[in-house]
Amino acid sequence: MILVMLGTHERPFYRMAKEIENLMHEGKIKEKVIIQLGFTDYFVKGAECFRFIERIKIEKYIKNCDVLITHGGLASIMEGIKAGKPVVAVPRRKMFNEHSDDHQLQIVEETKKRGSVIPVYDIENLYDAIKKAKKLKIKKRRYMPTKMLRLVDKRLEEWSKT
């Protein structure tokens, strides 16, 4: 099973939703696909789509998925890493009006340096990243964030309280 998390930011993430649908339609993705859409109002044909998923259920999906494909949000990436899942991260980009800035690009870059994610900067490379992720043998591990990730995490926590 592939779990796709588009995040909960109020801007939609059409670029990734449509590419997942294209890969399913082309027969490149054959397994079950579960998608957390958030505010993306594009329901992918052939996938099991949810706007929002309660915490317990998303943790179960992460535990049971073979590959986690996620936006570049730190929390989603960390959940996959902690569960020992191959994580494919597609950062939401300001230039596509998917976010207000490019902080997800920075998060994905930093986690890539640590070997924790397979980054996708051009959506046309998503299928290659999925193939690579399926070949990975990853052990569940405790995640030790770098100083930059700790600072980003702290700032995101502060923002969520406002």
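If the requirement is being buried (at least 18 other Cβ atoms within 10 Å of the Cβ) and either at pLDDT below 95 or touching a His at 6+ places or on another chain (Cβ under 9 Å) (or both), which of these qualifies: G84, G72?
G72
Among the residues of region 54-61, is any farther than 20 Å from R93 by Cβ, aliphatic (A, V, I, L, M) and in contact (Cβ under 8 Å) with a residue 40 or more places away in the chain? Yes, region 54-61 contains at least one residue that is farther than 20 Å from R93 by Cβ, aliphatic (A, V, I, L, M) and in contact (Cβ under 8 Å) with a residue 40 or more places away in the chain. So is H25 within 21 Å of V117 (Cβ to Cβ), touching a Lys or Arg at 6+ places or on another chain (Cβ under 9 Å) and either of a type in the set (K, R) or in contact (Cβ under 8 Å) with a residue 12 or more places away in the chain (or both) or not? Criteria not met by H25. Residues considered: D101, D153. Of these, the only one that is assigned to a helix (DSSP H, G or I), farther than 19 Å from V33 by Cβ and either among the acidic types (D, E) or modelled with pLDDT under 95 (or both) is D153. When we screen N64, N22 for residues that are closer than 18 Å to D122 by Cβ and polar (S, T, N, Q), the only hit is N22.
Is it fair to say I62 is crowded, with 19+ Cβ neighbours inside 10 Å and not in a loop (DSSP other than H, G, I, E, B)? The answer is yes for I62. Candidates are the residues of region 7-19 that are out of contact with any strand residue (DSSP E or B) (no Cβ under 6 Å at 6 or more places or on another chain) and more than 16 Å from D122 (Cα to Cα); the one that is surrounded by the fewest Cβ atoms within 10 Å (Cβ to Cβ) is E10.
Results for (1) under 14 Å from the mean Cα position of the chain (by Cα); (2) farther than 17 Å from G7 by Cβ, shown as yes or no for each residue.
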{"site": "V44", "(1), (2)": "no, no"}
{"site": "L68", "(1), (2)": "yes, no"}
{"site": "A75", "(1), (2)": "yes, no"}
{"site": "A83", "(1), (2)": "yes, yes"}
{"site": "R114", "(1), (2)": "no, yes"}
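Listed by first and then second residue, the pairs linking a residue in region 38-53 that is at negative phi and in a strand (DSSP E or B) to a residue that is among the polar types (S, T, N, Q) and buried (at least 18 other Cβ atoms within 10 Å of the Cβ), with Cβ atoms under 6 Å apart and 6 or more places separating them unless they lie on different chains, are F50/Q36. For P91, the conditions (1) more than 11 Å from the chain's Cα centre (by Cα); (2) at pLDDT 95 or above; (3) not β-branched (V, I, T) all hold with the exception of (1).
Among the residues of region 104-124, the ones that are part of a loop (DSSP other than H, G, I, E, B) and out of contact with any Phe, Trp or Tyr (no Cβ under 8 Å at 6 or more places or on another chain) come to 6 in all. When region 80-97 is filtered for residues that are in a helix (DSSP H, G or I) and farther than 24 Å from P12 by Cα, the ones remaining, listed by number, are I81, K82.
Restricted to region 20-33, and to residues there that are under 16 Å from the mean Cα position of the chain (by Cα) and surrounded by 20 or more Cβ atoms within 10 Å (Cβ to Cβ), the residue that is nearest to L68 (Cα to Cα) is V33.
The values are calculated or read from the model by the stated rules, or taken from the named source; none is laboratory data. Every value quoted in this text rests on a predicted model; they were computed, and no experiment measured them. Neighbour counts are summed over all protein chains in view; Cβ atoms, including those assigned to glycine, are modelled from backbone coordinates with ideal geometry.
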